[in-house]
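Encoded as structure tokens, the structure appears first; notes follow it.
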Amino acid sequence: MTATSDGGPSATADSGTTLRLSRLLGRPVTDRGGESLGKLRDVIVQLRGSDYPQVTGLVAAVGGRQVFVPIEQVGSFEGDPLKLTSARLDVRNFERREGEVLLRADVLGHRLIDRQNVKLVRAADLELAADGREWVLAGVDIRPRRRRWFGLGDATGSADQGVFRDWHDFEWLIGHASSALLRGPVARIRGFKPAQIADLLEEASKEEQTEILGRVHADPELEADVFEELDEDEAARLLADRSDADIAGVLTKMRADDAADAIAELPQRRRQPVLDLLPAGQRTKVLTLLGFNQTSAGGLMGVDFITLPAMVTVVEALAKVAESTGLQPEALTSVHAVDDGGCLRGVATLVVLLQAAGSAALIDVCDTDPVRVGADTDVMDVAVLMTDYNLITIPVVDDERRLLGVITVDDVLEVTLPDDWRRREAAEPPDARHGDSR
């Protein structure tokens, strides 16, 4: 079914035409004989997973009450007023049932996620379409509504026809709890990149953030990745609203350096209780990192990396990389040769390993005098070294050359870019507007 607007009301539910919600709301509602019953206040749709939401009824203001009008009682949407097939109405106050969405109250004027551009947009108007013998919510107009000046267009607003996009191009953000539960299993937001979700969260209102995070929460790995991408202050604020156990659950899945940053931003009284709930391994890593100044190499480094004895073969080193599925990809770009005391003997990049003979000893293909920094090195000095030597990682060592951690280029970029870098509009690839690659 396509979602296109004809700019006016349709005749019947099986005529294949479309309606604009803005032109339905407020219309008088009458019985078959034309006797006034009230006015249309809202349109009800039922969620159906990935299908178009089905129109199941109307909400009409009748005698000071909001009452339910089944769609089967709507004889025609043609003209003004709306005529019902019967004057018999249930005059009890309307109560929403599970899975029902009110288009005016929940969607019109509210924000949605534009899935194509991954940004928050506002629903300026909605399109209903006849699909066989049922009405469905088919499209969304996200352009700001234009004021109608006298003499421009007729009373129906024909000067502004609207440009509707398919409803499936958008992700619900309607703030209705029971509906959100039904949407959860098919929430397409979990297909976005963590950085994109983080951008949405930083733009969203508190209520929108709650709804977005509610969908992400079903995937703990994704949730942790999203918190890693958030601005530290924003991540801390969002985490502070959770219980200690919930915070620990997120931090457990995060990189230790990002988890340490998050804990450092928590109120003092909450840090130790959260630390106590972390698994022993993660707690040790986080406590180690918290001991360093955040503006130094020690505060910037990660503590998840690959170390191997200097005399293992290249084949064995590559096998270690292959089995290290729990490490972040950034930590797998280099392998570090160490002696029995943990002292750094050399560094080999993954490319060097792939190009070397499999039987060669790791130390023989390593750079045995790698560029390295101390834990107290200033981050700007780290950035200069990585730039000068074209490095994507740099090891952090102590005075005896024991390996403490590894800094990746993305860590350096995050602290050296301007403070407002997250709010800059990302550049589109040159082929972004050519065809649909999704």
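Could you give the accessible area per residue of segment 33-110, probe 1.4 Å, as a whole number in Å²? Mind showing how you got there, number by number?
Values: 4010 Å² over 78 residues.
About 51 Å² of surface per residue is accessible.
Let me know the shape class of segment 314-408, please: from the alpha-carbon gyration tensor, a ≥ b ≥ c as square roots of the eigenvalues, rounded when a/c is under 1.5, otherwise prolate if a/b is greater than b/c, or oblate. Mind dumping the intermediate values first?
Details: a/c = 1.73, a/b = 1.52, b/c = 1.14.
Verdict is prolate for segment 314-408.
Skipping prolines and chain starts, which residues have an amide H placed within reach, meaning under 5 Å, of the one on Leu126, given they are 5 or more residues away or on another chain?
The answer is Leu21, Ser22, Asp141.
Could you report segment 209-368's accessible area per residue, 1.4 Å probe, as an integer in Å²? Display every interim value, and only then the final one.
Details: 7210 Å² over 160 residues.
That works out to 45 Å² per residue.
Multiplying the sequence separation of Glu316 and Gln54 by 0.36 nm and subtracting their Cα-Cα distance, what value in nm do you get?
On the way: separation 262, 0.36 × 262 = 94.32 nm, distance 5.84 nm.
Gain on stretching Glu316 to Gln54: 88.5 nm.
What are the lysines whose alpha-carbon lies under 23 Å from the alpha-carbon of Lys193, with same-chain residues fewer than 8 places away excluded?
Within the straight-line cut-off, Lys193 pairs with Lys119, Lys206, Lys253.
Using 0.36 nm per residue, how much length does the chain from Lys253 to Glu323 gain when fully extended, once their Cα-Cα distance is taken away? Don't skip to the answer; put the middle values down first.
Details: separation 70, 0.36 × 70 = 25.20 nm, distance 1.84 nm.
Length gained, Lys253 through Glu323: 23.4 nm.
Which percent of the accessible heavy-atom area of segment 36-145 goes to carbon and sulfur, probe 1.4 angstrom?
Details: 2210 of 5070 Å².
Summing carbon and sulfur atoms, their accessible area is 44 percent of the total for segment 36-145.
Under a cut-off of 22 Å between alpha-carbon atoms, report the lysines in cross-link reach of Lys39, not counting same-chain residues fewer than 8 places apart.
Cross-link targets: Lys83.
The values are calculated or read from the model by the stated rules, or taken from the named source; none is laboratory data. Everything quoted here is computed from the prediction, not taken from an experiment. Surface areas here come from the heavy atoms of the whole protein model, side chains and all, with no ligands, DNA or RNA. Shrake-Rupley method; radii C 1.70, N 1.55, O 1.52, S 1.80 Å.
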